[in-house]
Amino acid sequence: MSALSLGSHRPGRLLSLIALRIRREVLEWSGTWWFLLTLVVQAALGPLIGMFVWSAVYPADSYVATYYVTLLLVTVMTESFEQHTFSEKIYDGTISHDLLRPQPVVVDVIGANLAIRIWLTAMGIPLALLAGWAFGVSLSWASVLVAVPLVVLGGVLRFCWVFLLSLTAFWTERVHAIAGFGWTLTSLLGGTIAPLAFLPGPLRDVGQLLPFYPMLGLPADVAAGRVHGLAPVLTGIAMQGVWIAVFAVCAVLLWRAGIRRYTVVGA
Amino acid sequence: MTAVVVEDLCMTYRAPVRESGWKATLGSVFNRQYRDVPAVQHVSFALRPGEVVGFIGPNGAGKTTTMKILSGLLHATSGQVRVLGHSPWQRRSDFLRRIAFIRGSQPVGGSQELTVLDTLRYQRLLYEVPPAEFQQNLDELTALLELGELLPRQLRALSLGEKMRAGLALSLVYRPEVMFLDEPTLGLDVTGATTMRRFVAQYAERTGATVLLTSHYMADVATLCPRLVLIDKGRIQYDGKLDELAAKLSPYKLVRLTAPGADERRLREAGELVESSDGTWVLRVPRADVARTTARLLTELDVADLSVEEAPLEAVIDQAYREGVG
Amino acid sequence: MTLLKLFAAGFGRSLRATLTFRVNLLFDIGLSVIGLVASLATVFIVYARTDSLAGWTEAETYVLIGTFQVLSSLKSTFIDPNLAWFPDNAIRRGMLDTFLLQPAPTLFLASLARSTPLSLVQLVLGLGVITLGIVDHGQPPEPAAVLAWIITLAGALAVTWAMGVLLACLAFWAPRLQLDVFYASAWQLGGYPTDIYRRPLRLVLTYLFPLTLIATVPTSTLLDGPRVLVLVSTVAGATVSCLLAVGCWRLGLRRYTGATS
């Protein structure tokens, strides 16, 4: 079962497989654009509520609105729904079909993830612009440019995290509850409920070390200009890299154990 | 006295027309075009109480639409429908308590976590079956459908055949007087289909229920239904006895003979050769010529065995679907 | 009377089905606790920085959060299991056909016949948080305030049911429209004081989709005592929205069964 170990495949072939999958998924999702719109609303809601709450607390602080508008965009651009796109395949048994194809199973998962993100980003940008205009937000191009690699890595990290949680579908039927739990952690410590800087001391220190702030709050803070300078940005990128490596290794191990269970027990 | 009367029934769907492509999609949001699709046209028939009737036709002929109208799920565009003296589309409780619409293509409703017995009890409450009567019906159904070991099990854990039996019990525990069965044997294995057929026959005989049944399996129709209504493109093509349809449609009979060492050329002169294997031949002979041809074959050849058969029902129906009933 | 019996029977059999999965029971209790801790953490974080959020003190906000939990719990116990993913479950998978052919009001069967008793765990937790908030507030409510609170809760629940039915009704005209995710997201807005939202949005959330009123009205009734105007408009609003829901449902069914064309 080398379905998740990408080593045996040429990188070029993998990329073109993923690209093909993205193309197909983008087209498939185009029929349900209104549903994607509700997903954008769902993703944007946390940052919007945060913006309302903290604007009421600090009406004069322009950081609040700037941070939450960038956070809104980062959240929308890094959304991951593997508990739906992947776990459901385990539940209804269609993953057996994927296992028989001469490509790693994760290729389709990544393709679907990126296709949905492309749609959500396209719909999320106007929403972020609207919110930014309504709250009178201004961003500097330099900060936004610096934030690009952090958003990309944050997106990879968030995918790894959600995919890791989705793999528990091999053992339990409650994957949606588990993913919901993951989402609660992400919004509490990732900077949605409150910017990390507003958390009480000990919670803030823990939040700095955990993988949730690098997923959402850090890219938003960089784009908003609160985190700037070479050293903090590089430290942040290093944090993202370490957590991506940790989650990826865990995912591979969990996948191997899960697929063994799946092929032995059957579904 | 009739259980079901249908007079001049018509049903027309309005389907939105849309061309492919982005531009057309956007355009259709503002200016939607419709096309009328006639599903059922001027259909009339009547069922006597206790009758078991096969309702057949190719896919898209209008069978399910008719059944939906008869049970009250759809409101007909025009025409008269009376089932047990009610207008079905009003869906009055005292009407719904007396009918059942069973679709093989649809799963048994209700929470899949519950046991069959729990679901049956809920059904008792819903259909207001008096407890004594419920127990009696349940005992009968348990015996007929071998439900005993299914009752304490969850719906989700049942196999397709078991689900079919449980679904039948759920629909029949309140003793409907009219049953509409839409493809009841769909997807069932041979044993399941046979159980289903035997059960429907027994239920109809025991309770005097009226049954209208659609099926693509001719065995269902042939074993259960003395009378056949054939519908195609929304219109009734034939209504009458099953064997008369065969005679009407198939002006041929099949002569099967075993004659080792016979000359195949001679046989071809007698009729159209349909099958040949190892000294056995099947000839298609016009009905009128059957007597003369058999006599000739018996005198001219050294025949070990000879029999005359009707064309198989499948072939007859296939011909009816493709060419219509003349 | 029959409907009440059917409702009780539905609840009873759901409870039995739930209790057969003990692992899930523990799991869901754990999750409810985590969800509640997260909402409490939000309040805690906010009030570590300020004494008043849009005029609400910390104790008042706890009562609000508790009330919102109670309503969310009742919603996910009695409303969601019926109306969730209505276009898919009821129309495409044919559940609605089954309901139409059963001898009881179709709207009852489609919107209230099933329940998920497990979600009531959240109700208990919510009541706990309300108690905590009131103790913190230092002023126990009068019996009249409690009675008025129950009335406003019932009104809020009726409005919630009506909004669910109205959303489901959309499926009769636009079967591909799936607004569950949207409704679930919008519902979250109700857990915060109305006054934090800015003007255009606040008007929408007050009059068009009265989501923010659903928890704030009962909460302020409990804390500040009953006001006749509020009670009358709650009852009137609930009645109007229920009538609207029933009317739309009838129209939708007529369309579904082809009675209009």
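Whole angstrom only: what separates the Cα centroid of segment A:193-267 from the Cα centroid of segment C:184-203?
30 Å
Over the alpha-carbon set of the protein assembly as shown, divide Rg by the Kirkwood Rh and report the Rg/Rh ratio to two decimals. Could you put the intermediate results ahead of the total?
Numbers: Rg = 33.4 Å, Rh = 31.7 Å.
Rg divided by Rh gives 1.05.
Given the C-alpha centroids of segment C:78-122 and segment B:301-317, what is the distance between them in whole angstrom?
Distance between centres, Cα-based: 55 Å.
Give the aspartates and glutamates reachable from B:Lys253 as a straight Cα distance under 15 Å; neighbours fewer than 8 places away on the same chain don't count.
B:Lys253 reaches B:Asp243, B:Glu244, B:Glu272, B:Glu275, B:Asp289, B:Glu309, B:Glu310, B:Glu314.
Under 17 Å from a label point 7 Å along Cα→Cβ of C:Asp88: give me every residue in segment A:80-111 with its amide N that close.
A:80-95
How do B:Ser171, B:Ser277 rank when sorted from fewest to most other Cβ atoms within 10 Å of their own Cβ? Spell out each step's value before the answer.
Details: B:Ser171 18, B:Ser277 7.
Ascending Cβ contact count within 10 Å gives the list B:Ser277, B:Ser171.
To the nearest whole number, what is the average tally of beta carbon atoms from other chains within 10 Å of the beta carbons of peptide C:38-50? List each step's numbers first, then the result.
Numbers: counts 7, 3, 0, 7, 8, 0, 2, 8, 7, 1, 6, 7, 5.
Mean partner-chain Cβ count within 10 Å for C:38-50: 5.
Which order results if B:Asp232, B:Asp36 are arranged by neighbouring Cβ count within 10 Å, fewest first?
B:Asp36, B:Asp232
Given segment A:6-265 reduced to its alpha-carbon atoms as identical point scatterers, what log10 I(q)/I(0) does the Debye formula return at q = 0.07, 0.09, 0.13 Å⁻¹?
-0.25, -0.42, -0.86
If you take the C-alpha gyration tensor of chain B, multiply each eigenvalue by 5 and take the square root, what semi-axes do you get, largest first, in whole Å?
Values: eigenvalues 370, 167, 79 Å².
The three semi-axes for chain B are 43, 29, 20 Å.
For a Förster distance of 25 Å, can you work out the FRET efficiency between the beta-carbons of B:Arg284 and B:Thr194, rounded to the nearest 0.05?
Values: r = 31 Å, r/R0 = 1.23.
E(calc), rounded to 0.05, equals 0.20.
As I understand it, the value is the acute angle between the Cα axis of helix B:160-172 and the longest principal axis of the Cα atoms of chain B; what does it come to in degrees, rounded to 10?
60 degrees
Give the Rg/Rh ratio for segment A:178-227, taking Rg as the radius of gyration of the Cα atoms and Rh as the Kirkwood radius, to two decimals. Spell out each step's value before the answer.
Values: Rg = 10.4 Å, Rh = 10.8 Å.
Reported Rg/Rh, Kirkwood definition of Rh: 0.97.
How far is the Cα center of segment B:251-272 from the Cα center of segment B:178-201, in Å?
The distance from the Cα centre of segment B:251-272 to that of segment B:178-201 comes to 39 Å.
Tell me the net charge near A:Tyr63. Cut-off is 14 Å between Cβ atoms, A:Tyr63 excluded, with +1 for each Lys or Arg and -1 for each Asp or Glu. Walk me through the numbers before you get to the answer.
Details: positive: A:Arg226, C:Arg49; negative: A:Asp61, A:Asp221.
That works out to 0.
Can you list, by residue number, the Cys in the protein assembly as shown that have no neighbouring cysteine C-beta under 4.7 Å?
A:Cys160, A:Cys250, B:Cys10, B:Cys225, C:Cys242
Under a Cβ-only charge scheme (Lys and Arg +1, Asp and Glu -1), can you give me the dipole magnitude of segment C:2-256 about the Cα centre, in debye to the nearest 20? Walk me through the numbers before you get to the answer.
Values: 17 positive and 12 negative charges, 213 e Å.
In total the dipole reaches around 1020 debye.
Just to be sure I understand the model, the point goes 7 Å from the Cα along the line to the Cβ. What's the resulting B:Asp302 to C:Cys242 distance in nm?
9.4 nm
How high is the FRET efficiency from B:Glu310 to B:Arg153, r the C-beta distance, R0 30 Å, rounded to 0.05?
Details: r = 44 Å, r/R0 = 1.47.
The computed FRET efficiency comes out at 0.10.
Going down the table (B:Lys68/C:Lys5; B:Lys63/C:Lys75; B:Lys68/C:Lys75; B:Lys163/B:Lys248; B:Lys63/B:Lys163), which pairs top 31 Å between alpha carbons? It would help to have the intermediate numbers written out before the result.
Working: B:Lys68/C:Lys5 29 Å; B:Lys63/C:Lys75 41 Å; B:Lys68/C:Lys75 34 Å; B:Lys163/B:Lys248 39 Å; B:Lys63/B:Lys163 24 Å.
With Cα atoms farther than 31 Å apart: B:Lys63/C:Lys75; B:Lys68/C:Lys75; B:Lys163/B:Lys248.
How far apart, in nm, are two points set 7 Å out from the Cα along the Cα-to-Cβ line at A:Leu230 and at A:Ser96?
Modelled inter-label distance: 5.8 nm.
Which length gain, in nm to one decimal place, applies between B:Leu273 and B:Gln33 when the Cα-Cα distance is subtracted from 0.36 nm times their residue separation? Intermediate values should be presented prior to the final figure.
Values: separation 240, 0.36 × 240 = 86.40 nm, distance 5.38 nm.
So the chain would gain 81.0 nm between B:Leu273 and B:Gln33.
Label points 7 Å out from Cα along the Cβ direction at B:Ala132 and C:Ser233: separation in nm?
So the label points at B:Ala132 and C:Ser233 sit 5.9 nm apart.
Using a Förster distance of 30 Å, how high is the FRET efficiency between B:Asn59 and B:Gln202, based on the Cβ-Cβ distance and rounded to 0.05?
On the way: r = 30 Å, r/R0 = 0.99.
After rounding, the FRET efficiency stands at 0.50.
Could you give the length gained on full extension between C:Leu25 and C:Val124, defined as 0.36 nm per residue of separation minus the Cα-Cα distance, in nm? Spell out each step's value before the answer.
Details: separation 99, 0.36 × 99 = 35.64 nm, distance 1.46 nm.
Roughly 34.2 nm would be gained on extension.
Every number in this text was worked out from the coordinates using simple rules, so none of it is lab data. Model, not experiment: these values are computed from the prediction. Heads up, the Cβs are rebuilt from the backbone with ideal geometry, glycines too, and the neighbour counts pull from every protein chain shown.
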